[in-house]
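Values in this text are rule-based calculations from the coordinates and carry no lab data. As the structure is a prediction and not an experimental result, all values here were calculated from the model. Reconstructed Cβ throughout: ideal geometry from the backbone, glycine too, with neighbour counts over all protein chains shown.
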Amino acid sequence: MSLAERVLALAERQTREGGRPFPEQVLERLMAETGAKAGILGRGEEIMARRGDGGLATGRVILPAGRDTFWLELAGGTPLDPAARLAAGMVLESWVVREELKKARFGERRRLWEVESLRAIAEALGGTLEPQRIAEELLWHATALLDARRGEVWLASGVIGEGSGGALGELVAVARVGGEVMSTDEVRALGEGGVVEGGRLAVPIRGRRGGLGLLVLAEREVRGGIAPFSVTDGETVALFASQAAVALENAVLHRQDLHRQRLERELELAREIQRQLLPASFSVPPGYEVLARADSSREVGGDVYDLVSAGQDVLLLIADVAGKGVPAALMAASLHAAVRIMAQGCPAPQDVAARLHAHLLEATPDNKFATVFLACLRPGGELHYVSAGHNPVIVVNRDGGVHTLASTGPPLGLIQGSTFAARRTVLPVGALLVAYTDGFTEAPAPASEDDYGVERLMRYLAAHRHDPLPELVDGAFREVTAFTGGAPPHDDRTLVALRRIAV
Amino acid sequence: MRVETFELKLAHRDGRLAVLEVGGYINNEAGEAIAETAGTLLAEGHQVLLLDLSHTRIINSIGISLLLEVLERIMEVGGTLAFCALSPSIAKTFQIMGLAQYTQIYPDRAAALAALSPPL
């Protein structure tokens, strides 16, 4: 086999033997064949391989190839014959062409991958309503596609469901790849703007209502180093960010909608509980007439009332549990049930109040409390009552004289160790007793600080004290509604009217 | 916060086979770490290399080109490069970038080991 043939044989295995680049292998073979101690193999200005050291004695010889100019410098040894030089040139040329083809194919595939990434992110973002997931998809695709070494996505606290109301709030880092890119202070200083500075690329994620978040990438990798981001990179990422913005806005709207639906369901439940609370029938004590009416507010409060027979006497209850919605309605139901059970054995209102107080302190976790008016009615007009922080109960005598039964202690369930003493009064024949909740007297006037108030109610009751109870009660509700300009009640309005009609 | 950090662990070796667990972002640094470990394993006679990508969600083009180099070197010695537990997005990437063509891809570690381990 000639030297040229042995050199050509190298082309059969144009691989990196043991991880060594091909030109090095060619140089090594040529040195071995010629007996040279050192050598350099190059192409144009570029040195492709270098072996051995010391000055090179012989001059540069050209290795002819179709397109490129390969050259060889050897120190010592026998010179290469023209056939061997041609063979070496051909072997190197075929290797170069093969490498170029590989690179071109990689470039082509990479562009295909970019297109696929754009499609994939659109699909991924369209398929989720979770802000965290959207942030991750955005980050992963953008980081990979731009060959960034590190990346982060920051989202407004209002977007990820923290914070309150409609405010978008401060940005929080929610997903990170490869390590930290920006500090909270840097992100804050950035405000609504973005940045393209050689090593870092920050693109705001903007919604119609303002900044939803920020995508930041750092250090664009190239083989063996870092290259600056380009304006085109910024545009590509901005395209991703705007797709993510749409997805994030949808996610926020969806969450708000779910929240609204849950509130609606809760309100429906609270209304149902409250409907169950209304007594189907009263135990009206002999010698009295009673009428009650309760109007629910939209949000449903914790009003409850009842008349429960307790042996010869009747226990009158009116209460207002602090708070709104299901918790207030449930607590009102619990209080109501407790009163009905306790009324069986202990008609003394101070005992009922003390036990209710203990019950509420024990059974309610937070600072839930209730204002309660409890009165034990005797057949002869005698009245023992406890008013635990409740609105003054109004008494109107037949002659128009008005006075109130003021609160006798703090609300139930509020202060540990409270005691509740009963007071005694007597209702003369024809006297009217009216108990109500604060939704009645605190009904606001439209566009003013004023509310309906206990004085207006007292004046109304005095003026209408002889009216039959149905007219009296409905009239009182009409008065309040007129006072508020017809606005729907913001709190439950409950009113119980009781009149002593016989000796 | 979800954080992707790179981790590389030699999980198993048995005759010709070696299993590497790769977690996190395969970028330039990570790709080089994989290539270096692969080179060492090849030199030690492990010509069948399985990369378990259960904990990897992203790879960039530098990571891909480094894996392509690992593939070349394994093919030179007549070995096999295999992957398992690819996320759909990475599976797609491998397919587009031509990595899937010359490698073996398995749904999970068990399937890969069953196929790659020499019969007793």
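Taking loop as defined by DSSP and a crowding limit of 15 other beta carbons within 10 Å, which trypsin sites (Lys or Arg not before Pro) in the range B:1-41 fit? Each step should come with its number before you reach the end.
Numbers: sites: B:2, B:9, B:13, B:16; in loops: B:16.
Those that pass, being in a loop and sparsely packed, are B:16.
Along the charge dipole of chain A, Cβ charges K/R +1 and D/E -1, which of A:445, A:343, A:91 sits furthest on the positive end?
A:91
Can you sort A:53, A:438 from fewest to most other Cβ atoms within 10 Å of each residue's own Cβ?
Working: A:53 9, A:438 19.
Least to most surrounded, the residues fall as A:53, A:438.
Could you work out how much longer the chain between residue A:253 and residue A:111 gets when fully extended? Use 0.36 nm per residue separation minus the Cα distance between them, nm to one decimal.
Numbers: separation 142, 0.36 × 142 = 51.12 nm, distance 3.54 nm.
Separation in residues times 0.36 nm, less the Cα-Cα distance, equals 47.6 nm.
How large is the charge dipole for the range A:335-469, taken about the Cα centre, if only the Cβ atoms of Lys, Arg (+1) and Asp, Glu (-1) carry charge, to the nearest 20 debye? Can you show the working numbers first?
On the way: 10 positive and 12 negative charges, 112 e Å.
In total the dipole reaches around 540 debye.
Roughly what % antiparallel, to the nearest 5, for the DSSP beta bridges in chain B?
Once the DSSP bridges in chain B are tallied, antiparallel ones form about 30 percent.
Alpha carbon centre of the range A:237-280 versus the range B:47-65: separation in Å?
Taking the Cα centre of each part, the range A:237-280 and the range B:47-65 sit 42 Å apart.
Mind checking which aspartates and glutamates have their C-alpha under 16 Å from residue A:103, skipping anything on the same chain fewer than 8 residues away?
Result set, ordered by chain and number: A:93, B:69, B:72.
Tell me the angle of helix A:231-277 to the major Cα principal axis of chain A, expressed in degrees between 0 and 90 and rounded to the nearest ten.
Helix A:231-277 sits roughly 20 degrees off the main axis of chain A.
To the nearest whole percent, what portion of all C-alpha pairs in the range A:81-190 is separated by more than 17 angstrom?
Numbers: 4176 of 5995 pairs.
Value for the range A:81-190: 70 percent of Cα pairs lie more than 17 Å apart.
Under unit Cβ charges (Lys, Arg +1; Asp, Glu -1), what dipole magnitude, rounded to 20 debye, does chain B have relative to its Cα centre? Don't skip to the answer; put the middle values down first.
Numbers: 8 positive and 13 negative charges, 69 e Å.
It comes to approximately 320 debye.
Lys/Arg Cβ at +1, Asp/Glu Cβ at -1, dipole of the range A:64-106 taken about the Cα centre: which of A:101, A:66, A:82 is farthest positive-ward?
Checked the options; the winner is A:101.
Nearest 10 degrees is fine. How inclined is helix A:131-145 to the longest principal axis of chain A, computing both from alpha carbons?
10
Helix-only mean residue ellipticity at 222 nm, chain A, DSSP H runs n ≥ 4 weighted -39,500 (n - 2.57), per residue, nearest 500. What is it?
Numbers: 11 runs with 199 residues, N = 503.
When only DSSP H runs of four or more count, the value is -13500 deg cm²/dmol.
For residue A:67 and residue B:3, FRET efficiency with R0 = 60 Å and r from the beta-carbon atoms, rounded to 0.05?
On the way: r = 49 Å, r/R0 = 0.82.
The pair residue B:3/residue A:67 has a calculated efficiency of 0.75.
What list do you get for A:197, A:266 if you sort them by fewest beta carbons within 10 Å? All intermediate terms of the calculation are to be shown ahead of the outcome.
Numbers: A:197 9, A:266 16.
Ordered from fewest to most neighbouring Cβ atoms within 10 Å, A:197, A:266 come out as A:197, A:266.
For chain A, what is the relative contact order in percent, using Cα pairs closer than 8 Å and at least 6 residues apart in sequence? Walk me through the numbers on the way to the answer.
Details: 959 pairs, mean separation 48.0, N = 503.
After rounding, I find 10 percent.
Report relative contact order for the range B:41-120 in percent, whole number only (criteria: Cα-Cα under 8 Å, sequence separation at least 6). Don't skip to the answer; put the middle values down first.
Details: 89 pairs, mean separation 27.7, N = 80.
Once normalised by length, the contact order is 35 percent.
Go from 0 up to the bin containing the longest alpha carbon distance in chain A, width 10 Å each, and give me the % of pairs per bin.
4, 14, 15, 10, 9, 10, 9, 6, 4, 5, 5, 5, 3, 1, 0
Sorting A:357, A:384, A:254, A:490 on the 10 Å Cβ count, fewest up front, what's the list?
Numbers: A:357 26, A:384 19, A:254 12, A:490 16.
Going from sparsest to densest Cβ surroundings: A:254, A:490, A:384, A:357.
Quick one: dipole size for chain A, taken about the Cα centre, charges +1 on Lys/Arg Cβ and -1 on Asp/Glu Cβ, in debye to the nearest 20.
Values: 54 positive and 65 negative charges, 159 e Å.
Charge dipole, chain A, about its Cα centre: 760 debye, nearest 20.
Does the range B:5-120 come out rounded, prolate or oblate, given a ≥ b ≥ c as the square roots of the eigenvalues of its C-alpha gyration tensor, rounded meaning a/c under 1.5 and, failing that, prolate meaning a/b above b/c? Walk me through the intermediate numbers first.
On the way: a/c = 1.43, a/b = 1.27, b/c = 1.12.
Verdict is rounded for the range B:5-120.
What shape does the range A:347-491 take by its C-alpha gyration tensor, where a ≥ b ≥ c are the square roots of the eigenvalues and a/c under 1.5 counts as rounded, a/b above b/c as prolate, and the rest as oblate?
Values: a/c = 2.59, a/b = 1.23, b/c = 2.11.
Cα axes put the range A:347-491 in the oblate bin.
For labels at residue A:100 and residue A:477 in the simple 7 Å Cα→Cβ model, what's the distance in nm?
Rounded to a tenth, the inter-label distance reads 9.4 nm.
Quick check: the distance between the Cα centres of the range A:40-97 and the range A:487-503, to the nearest angstrom?
Result: 110 Å between the Cα centres.
On a straight-distance basis, which lysines could pair with residue A:102 in a cross-link, Cα separation under 23 angstrom, same-chain partners fewer than 8 positions away excluded?
List returned: B:92.
Determine which aspartates and glutamates satisfy two conditions relative to residue A:324: a Cα distance under 12 Å, and not lying fewer than 8 residues away in the same chain.
Straight-line reach from residue A:324, under 12 Å: A:266, A:299, A:303, A:491, A:492.
Select from the range B:9-111 those GluC sites (Glu not before Pro) which occupy a DSSP coil region and have at most 12 other Cβ atoms within 10 Å, ordered by residue number. Write down the numbers at each step before the final one.
Values: sites: B:21, B:29, B:32, B:36, B:44, B:69, B:72, B:76; in loops: B:44.
Answer in residue order: B:44.
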